[in-house]
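Report on the structure given below.
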Amino acid sequence: MDAIIGGSGLARLAELVVERREVVRTPFGDPSCALSFGRVGQAPIVFLARHGYGHTIAPHQINYRANLWALREVGVKRIFAVASVGGIREDFGPGTIAVPDQLIDYTYGRKSTYFEGPDNPVTHIDFTRPYDESTRQALIAGARTAGEAVALGGTYGCMQGPRLETAAEIRRLANDGCDLVGMTGMPETALARELELPYAVMAVVVNHAAGRGDSRDAISLSAMESELNDAMARVRRILVAALNGSAAAG
Ligand code: HPA
């Protein structure tokens, strides 16, 4: 069964016919919300709203460990995540949907591993390629089927938030090689790897990052909001195709 982790603008998935909801408890506390089980087309899926259904949980307060643990607990085999981001690279303007292939983590103070505590031996995971390639390709194939353009890679920089960045911070991220900036990619991506859950993300650009393009002097929050609504219709089409493409292929 596939899972979708929805971010800002995707607290529910209109195409999901919900059959039941389940509150899953974990040794790490409670996930952001009850899990919604149902079908998208033919595909059985489970949906999780990263910020809660009412969008009340800030990026640094999300219990990422509980979220990923709960998904594994209910038998999820693959995760499609959706996240809104700012665009740093010139050609990643608002409305771009990217399937990143790299990330840089700038977050701090988040509970970012399962491998800690007295009963857990220190364990290092390989994270050279942070996203699962076949899951990325499933999203890219879904976009092709849906007739939607996606950027076939890019480096996602994960900032702590919840405030947006300064122009200088974005210059630093650009110098580091970041193409996109968001707040929720880590530790979510690493925890999925720790649990050996194939994971990829669709990053939806809703604004030029601070200091770039029309965000030269300020980021317009209302423009972000309307871009998010426009883009999510396309994201949902891609998800429907990706979920059902893989179901058809077995
Ligand atoms: N920065 C960080 N996170 C974001 C942005 C941004 O500009 N836009 C949407 N999420």
Calculated [θ] (222 nm, deg cm²/dmol) that DSSP helices of n ≥ 4 give over the chain, each run adding -39,500 (n - 2.57): -9500 deg cm²/dmol
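How large is the charge dipole for region 16-71, taken about the Cα centre, if only the Cβ atoms of Lys, Arg (+1) and Asp, Glu (-1) carry charge, to the nearest 20 debye?
Values: 6 positive and 3 negative charges, 7 e Å.
In debye, rounded to 20, region 16-71 gives about 40.
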Dipole magnitude of the chain, debye to nearest 20 (Cβ charges: Lys/Arg +1, Asp/Glu -1, about Cα centre): 420 debye
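Write down the Kirkwood hydrodynamic radius of region 72-204, to one decimal in angstroms, obtained as one divided by the mean of 1/r over all alpha carbon pairs.
Roughly 15.6 Å, rounded to one decimal.
Take every Cα pair under 8 Å in the chain that's 6+ residues apart, average their separations, divide by the length, and report that relative contact order as a whole percent.
Reported as a whole number, the value is 26 percent.
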Along the charge dipole of region 110-250, pointing to its positive end and built from +1/-1 on Cβ of Lys, Arg, Asp and Glu, which listed residue (190, 162, 226) has its Cα farthest out? 226
Which whole DSSP H helices in the chain pass both tests: a Cα extent of 30 Å or more along the axis and a mean Kyte-Doolittle value no lower than -1.0? 221-248
GNM on the chain, C-alpha springs below 10 Å: top fluctuator among 171, 144, 129? 129
Please build a GNM for the chain, connecting alpha carbons under 10 Å apart, and tell me which residue among 124, 208, 51 fluctuates the most. 124
Net +/- balance of residues flanking residue 45 in space, Cβ distance below 14 Å, scoring K and R +1, D and E -1: +3
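Counting DSSP beta bridges with both partners in the chain, what percentage is antiparallel, nearest 5?
On the way: 15 of 41 bridges.
Counting only bridges with both partners in the chain, antiparallel ones make up about 35 percent.
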Can you give the Rg to Rh ratio for the chain, taking only C-alpha atoms and Rh from Kirkwood? 0.94
If one builds a Gaussian network model of the chain from Cα atoms under 10 Å apart, the most fluctuating residue listed among 59, 121, 130 is 121
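Only the coordinates and a few stated rules stand behind these numbers; no lab work does. These numbers come from a predicted model, not from an experiment. Cβ atoms come from the backbone with ideal geometry, glycine included; neighbour counts cover every protein chain shown.
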